[in-house]
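The values are calculated or read from the model by the stated rules, or taken from the named source; none is laboratory data. Keep in mind that what you see is a predicted model, and the values were worked out from it rather than measured. As a convention, Cβ positions derive from the backbone with ideal geometry for all residues, glycine included, and neighbour counts pool all protein chains shown. When the accessible area is computed, the model is the full protein with side chains, heavy atoms only, and any ligands, DNA or RNA have been set aside. Shrake-Rupley method; radii C 1.70, N 1.55, O 1.52, S 1.80 Å.
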Amino acid sequence: MTQHLTVVNHPLIQHKLTLMREKDTSTAVFRQLLREISQLLAYEVTDQLPMTTRRIETPLQEMDAPALDGRKLALISILRAGNGLLDGMLELIPSARVGFVGLYRDEETLKPVQYYFKVPDHMDERLVIVVDPMLATGNSSAAAVDLLKQSGAKDIRFLCLLAAPEGVARMKEAHPDVPIVTASLDEKLNEVGYILPGLGDAGDRMFGTK
Ligand code: URA
């Protein structure tokens, strides 16, 4: 993946995203759409995975058939909204390893503080896909990628549903080596850091909290 930002303009993704943005979409439908979109985005973010061949027997003859090479990839969910993207991706990539990063924002310093961090071993040998639906200011995303790099990760991609230009710029400055894949580059952030036009609070909408 060579581009820093890839916006996946597939019609199915764009149609489902419109349904998710609508304020009257129910929690159940929002969750289902997120699951479906995450699988379509997973398809895009896993292009160019290393391949090998495996000798197999079909009912008719032997062949060298294509198969994924190397260690299982690692999906890293940024809590809590990342879990909504994670579920669908795991259906498509059931043998992926999974990690979690929990960060909260210190109200005084406004800096992200880690409260949970658990990732698979051999991070340096895996493709690491970080999932978080909303790339807003980019501060927590950049901090999460810092932690992943400290744990050894070298080949990292960032997958989100919506990105704000501010978040993309922050990530490009902090982690120019981490490609971002998203369903939409929205207009901007509002004064409290929500993406406009956006879809509101992704965690609240997928978990039915307020
Ligand atoms: N997080 C959200 O859930 N929504 C936004 O718009 C920005 C950050």
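Identify, from the list Glu91, Glu107, Glu62, the residue that is charged (D, E, K, R), without any contact (Cβ under 8 Å) to a residue 24 or more places away in the chain and farther than 20 Å from Ala144 by Cβ.
So the residue among Glu91, Glu107, Glu62 that is charged (D, E, K, R), without any contact (Cβ under 8 Å) to a residue 24 or more places away in the chain and farther than 20 Å from Ala144 by Cβ is Glu62.
Given the condition of a type outside the set (A, V, I, L, M), open to solvent by less than 30 Å² (accessible area, probe 1.4 Å) and modelled with pLDDT of 95 or more, answer yes or no: does some residue in the stretch 61-76 qualify? Before the answer, list the steps.
Here is the first cut: in the stretch 61-76, the residues of a type outside the set (A, V, I, L, M) are 61-62, 64, 66, 69-72.
Filter again for open to solvent by less than 30 Å² (accessible area, probe 1.4 Å), leaving none.
Within the stretch 61-76 (the criterion being of a type outside the set (A, V, I, L, M), open to solvent by less than 30 Å² (accessible area, probe 1.4 Å) and modelled with pLDDT of 95 or more), the answer is no, since none of the residues qualifies.
I need the full set of residues from the stretch 194-210 which are within 16 Å of Leu162 (Cβ to Cβ) and either of a type in the set (Asp, Glu) or touching a Lys or Arg at 6+ places or on another chain (Cβ under 9 Å) (or both), in order please. Those that are within 16 Å of Leu162 (Cβ to Cβ) and either of a type in the set (Asp, Glu) or touching a Lys or Arg at 6+ places or on another chain (Cβ under 9 Å) (or both): Ile195, Leu196, Pro197, Gly198, Leu199, Gly200, Asp201, Gly203, Asp204, Arg205, Met206. Among all positions in the stretch 108-120, there is no residue which is modelled with pLDDT of 95 or more, out of contact with any Gly (no Cβ under 8 Å at 6 or more places or on another chain) and open to solvent by 20 Å² or more (accessible area, probe 1.4 Å).
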